[in-house]
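Chemist: Below are the structure tokens for one structure; questions will follow.
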Amino acid sequence: MSTTTAAEMTNGAVDSWVNEVAKLCRPDDVVWCDGSEDERERLTQAAVRSGELIPLNQGKLPGCYLHRSDPNDVARTEHLTFVCTPQKDDAGPTNNWIAPAEAYNKLSKIYGGAMEGRTMYAVPFLMGSPGSRFSKVGIQVTDSIYVVLNMRLMTRMGKVALEHLGGSDDFTRGLHAKADLSVERRYICHFPQDNTIWSVGSGYGGNALLGKKCLALRIASYLGRQEGWLAEHMLIVGVESPDGEVTYICGAFPSACGKTNLAMLVPPKSMKGWKVHTVGEDIAWLRVGADGRLWAINPEAGFFGVVPGTSSKTNANATKMIQKNTIYTNVAMKPDGTVWWEGHDDPPPKQATDWRGRPWTPDKGEPAAHPNSRFTVAAEQCQAISPKWQDPEGVPISAILFGGRRQSLVPLVYECFDWQHGTFLGATLASETTAAATGKVGVVRRDPMAMLPFCGYNMADYWGHWLSMAKRASKPPKIFRVNWFRRDGKGRFIWPGFGENLRVLQWIIERSKGAGKAEETPIGYLPTPSALNRNGLEMSDGALKELFAVDRESWRANLKSQAEFFEKFGDRLPAGIREEQEALAKRLKAK
Ligand code: OXD
Ligand code: MN
């Protein structure tokens, strides 16, 4: 085995851990990644030679490449994802669990010699800005160049991470091997008490880019509880009103429910003077500032977004952003070497190569791009990126949104009574499933805080931690529920969504400043009919009424399903959540 080490790059703890895992995986060589431009070029060319990347039309899409994954490896595999705490109860009823010793033992057998004939890349990476007190370092080893090139876009990778780490051994140890990509031998295991992640058998982003879901959510949520902060599946957006004031909002939505579109929203023409500044579109780390407010950073450096449905109508900023230096995964390729997907600005091409590399024509009856096909791109390519997106202190948050896909029941927007009620609302969030994870699409499931697949410990303790933030933060943000997806009797979306969502944000901003008209209902404060800005929007009073309807009978039925969900947590359920359930039941009973 040969090792290419920039000796000055590593410290003893990093070196010895990489040596240890190299002994297990037995690669032919170990290459340290420094994050340089030369290295990007070298690795890209190597990936092109091996077929892991296909160059796209460099005239029309400069610096863009296509990756086709194994057809069995196209989304997060939640049933193969484990939280390996010493006690099963500490992982909780919503996580899969294996005892740590058993998991290490089982996976060591799969890793044993898994990199023979391959190169092991040692990838130091930083989540958060260099020098920020929020930031965390990880070291990922991987045998996938595709993963290295994605990590390079999604994190601050290479020397910068080791400089931030200095002589410390406080880093997340992330071992990733593709092995044979078999679902039978695929495991995504987290050992929060060891600050360690072992992922094997998948090259898919959410399973294999260990900085993202594994570190920035599962491990970070565990660390956040110990250290007094929150790691959340949230976008962060700054909304500038015509008077120039910027209000920052975080929003938790399950995967593929429009976080990227909301974070990059383009204001409708009728809302002159409004501007939107993207800070993050998937993950937020929130800490209490000296002023008693919550401050958020986006720990990532890039976007790994869902491609289908992206167009200049739904997300003009993203459409522009992915015209260069982008890795596309599992989209369709046109004969001229450009890309296409369902919901693209252009009509379906007469012929194309589908995401699996097979000839495709529009009459095929199958999508050309995989419904969970993705783009990976550096955040700085987004023209709406906020000047504050790398601020080491983050941005102060005035409002938190919880959203999901609900065809019925849930109004377009409502506000919680207080932090405890907001925590309860987050804990009861439910949404229809999407293609971002394997399994059936369109089934309503409880997805508390949009963190069901990402919480690194018992969710009852997580809600307890949320409740305790009210003691730490004297000026917590207001909490709102939004639902862009309510449908009418004919199954059509009532609300136009996308840029028009700014109208809802406007009311939220007003409310967070103590203004904006609202009426109290059993579920929370709803905007009065005149409170929502409808200038330039075609929407009848009847449709608006339907959007805001609160059907007590359905809410009572919902109470039952909430209670069934909470039962799983037994005595660990915090009293504050029980209190809110009882209070809601009482309000729904009252006339
Ligand atoms: C993602 C996801 O990739 O949530 O962000 O699946
Ligand atoms: Mn996500």
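The values are calculated or read from the model by the stated rules, or taken from the named source; none is laboratory data. In this text the structure is predicted, and so the values were computed from the model without any measurement. Glycine also receives a Cβ, built like all others from the backbone with ideal geometry; neighbour counts cover every protein chain displayed. In case anyone asks, the SASA skips ligands and DNA or RNA and just uses the protein heavy atoms, side chains included. Shrake-Rupley method; radii C 1.70, N 1.55, O 1.52, S 1.80 Å.
Chemist: Residues with amide H under 5 Å of LEU429's amide H, sequence separation 5 or more or different chain, H placed in the peptide plane at 1.01 Å from N; which?
Modeler: Amide H to amide H, under 5 Å and 5 or more residues apart or across chains, LEU429 pairs with ASP447, MET449.
Chemist: Determine which aspartates and glutamates satisfy two conditions relative to LYS388: a Cα distance under 17 Å, and not lying fewer than 8 residues away in the same chain.
Modeler: GLU240, GLU245, GLU281, ASP282, GLU300, GLU380
Chemist: Using Cα-Cα distances under 8 Å and only pairs 6 or more residues apart, what relative contact order does the chain have, in percent?
Modeler: Working: 1320 pairs, mean separation 84.2, N = 591.
In percent, rounded to a whole number, it is 14.
Chemist: For ALA518, what residues show an amide H to amide H distance below 5 Å, using hydrogens built from the backbone and excluding near sequence neighbours?
Modeler: Counting only residues 5 or more places away or on other chains, the set is THR528.
Chemist: List the aspartates and glutamates whose alpha-carbon lies under 17 Å from that of LYS350, not counting same-chain residues fewer than 8 positions away?
Modeler: Counting by Cα, and skipping residues close in sequence, LYS350 has these aspartates and glutamates nearby: ASP336, GLU342, ASP363, GLU366.
Chemist: Okay, moving on. Straight-line reach only, C-alpha to C-alpha below 20 angstrom: list the lysines that LYS568 could link to, leaving out same-chain residues fewer than 8 apart.
Modeler: Leaving aside lysines fewer than 8 places away in the same chain, those within reach of LYS568 are LYS88, LYS560.
Chemist: Within region 88-129, which residues have the backbone N less than 16 Å from the label spot 7 Å out from ARG42 along Cα→beta-carbon, could you tell me?
Modeler: Label zone hits: 119-124.
Chemist: Let me ask something else. Taking the Cα atoms of the chain, report the difference between the largest and smallest coordinate on each principal axis, in whole Å and largest first.
Modeler: So the three principal-axis extents are 75, 57, 44 Å.
Chemist: Using label points projected 7 Å from each Cα along Cα→Cβ, tell me how many nm separate ALA515 and ASP391, to one decimal.
Modeler: 2.1 nm
Chemist: Let me ask something else. Could you work out how far helix 12-25 tilts from the main Cα principal axis of the chain, as a 0 to 90 degree angle to the nearest 10?
Modeler: The answer is roughly 80 degrees.
Chemist: Scan region 265-304 for trypsin sites (Lys or Arg not before Pro) in coil per DSSP, keeping those whose Cβ has at most 15 other Cβ atoms within 10 Å, and list them by number.
Modeler: Working: sites: LYS269, LYS272, LYS275, ARG287, ARG293; in loops: LYS269, LYS272, ARG293.
Taking region 265-304 and a limit of 15 other Cβ atoms within 10 Å, the loop trypsin sites (Lys or Arg not before Pro) found are LYS269, LYS272.
Chemist: Apply 1/(1 + (r/R0)^6) to the Cβ-Cβ distance of SER561 and THR528, taking R0 = 35 Å, and write down the FRET efficiency to the nearest 0.05. Working shown, then result.
Modeler: Numbers: r = 30 Å, r/R0 = 0.84.
Given R0 = 35 Å and the Cβ-Cβ separation, E is 0.75.
Chemist: Across region 140-149, in residue order, what do the Karplus-derived ³J(HN,Hα) couplings come to in whole Hz, using 6.51 cos²θ - 1.76 cosθ + 1.60 with θ = phi - 60° and x for Gly and Pro?
Modeler: Using θ = phi - 60°, the values come out as 10, 9, 8, 10, 10, 5, 4, 5, 4, 5 Hz.
Chemist: Now, a different point. Just flag the GluC sites (Glu not before Pro) in region 502-591 sitting in loop per DSSP whose Cβ has no more than 13 other Cβ atoms within 10 Å. Mind showing how you got there, number by number?
Modeler: Numbers: sites: GLU510, GLU519, GLU520, GLU538, GLU546, GLU553, GLU564, GLU567, GLU579, GLU580, GLU582; in loops: GLU538.
For GluC sites (Glu not before Pro) across region 502-591 that sit outside H, G, I, E and B with at most 13 neighbouring Cβ atoms in 10 Å, the list reads GLU538.
Chemist: Taking a probe of 1.4 angstrom, what is the accessible area of ILE494 in Å², to the nearest 10?
Modeler: It works out to around 20 Å².
Chemist: Moving on to the next point. Tell me, what ³J(HN,Hα) does each residue in region 417-428 have, in order and in whole Hz, if you take phi through Karplus 6.51 cos²θ - 1.76 cosθ + 1.60 with θ = phi - 60° and put x for Gly and Pro?
Modeler: Once θ is set to phi - 60°, the couplings for region 417-428 become 6, 6, 4, 5, 5, x, 5, 4, 4, x, 5, 9 Hz.
Chemist: Placing +1 at every Lys and Arg Cβ and -1 at every Asp and Glu Cβ, with all other atoms neutral, what dipole size does the chain have around its Cα centre, in debye to the nearest 20?
Modeler: Numbers: 71 positive and 65 negative charges, 298 e Å.
So the dipole magnitude of the chain works out to roughly 1420 debye.
Chemist: If I model a spin label as a point 7 Å beyond the Cα along the Cα-Cβ vector, how far apart are those points for MET539 and LYS471 in nm?
Modeler: Taking the simple label geometry, MET539 and LYS471 are separated by 4.0 nm.
Chemist: How long are the semi-axes of the equivalent ellipsoid of region 357-459, taking √(5λ) for every eigenvalue λ of the Cα gyration tensor, in whole Å from largest down?
Modeler: Working: eigenvalues 194, 115, 39 Å².
The answer is 31, 24, 14 Å, longest axis first.
Chemist: Along its principal axes, what span do the Cα atoms of region 215-263 show, with the longest given first and each in whole Å?
Modeler: 41, 26, 12
Chemist: Keeping every protein chain present and rolling a 1.4 Å probe, give me the accessible area per residue for the chain in Å².
Modeler: On the way: 22430 Å² over 591 residues.
Per-residue accessible area for the chain comes out at 38 Å².
Chemist: Short version: ³J(HN,Hα) in whole Hz for each residue of region 115-121, in order, from phi by Karplus 6.51 cos²θ - 1.76 cosθ + 1.60 (θ = phi - 60°), x for Gly and Pro, what are they?
Modeler: 9, 4, x, 10, 9, 9, 9
Chemist: Could you pull out the pairs from LYS313/LYS478; LYS213/LYS364; LYS60/LYS259; LYS259/LYS440; LYS490/LYS589 whose alpha carbons sit more than 25 Å apart here? Can you show the working numbers first?
Modeler: Values: LYS313/LYS478 30 Å; LYS213/LYS364 34 Å; LYS60/LYS259 28 Å; LYS259/LYS440 21 Å; LYS490/LYS589 30 Å.
LYS313/LYS478; LYS213/LYS364; LYS60/LYS259; LYS490/LYS589, as the Cα separations exceed 25 Å there.
Chemist: How big is the Kirkwood radius of region 303-381, worked out from every pair of different alpha carbons and given in Å to one decimal? Mind dumping the intermediate values first?
Modeler: Values: mean 1/r = 0.0796 Å⁻¹.
Every distinct Cα pair counted, the radius reaches 12.6 Å.
Chemist: Specify the inter-centroid distance of region 110-166 and region 235-313, based on alpha-carbon positions, in whole Å.
Modeler: First find each Cα centre; the distance between them is then 26 Å.
Chemist: Right, something else. Report the label-to-label distance for SER182 and ARG358 in nanometres (one decimal), using points 7 Å from each Cα along the Cα→Cβ vector.
Modeler: According to this spin-label approximation, the distance is 2.4 nm.
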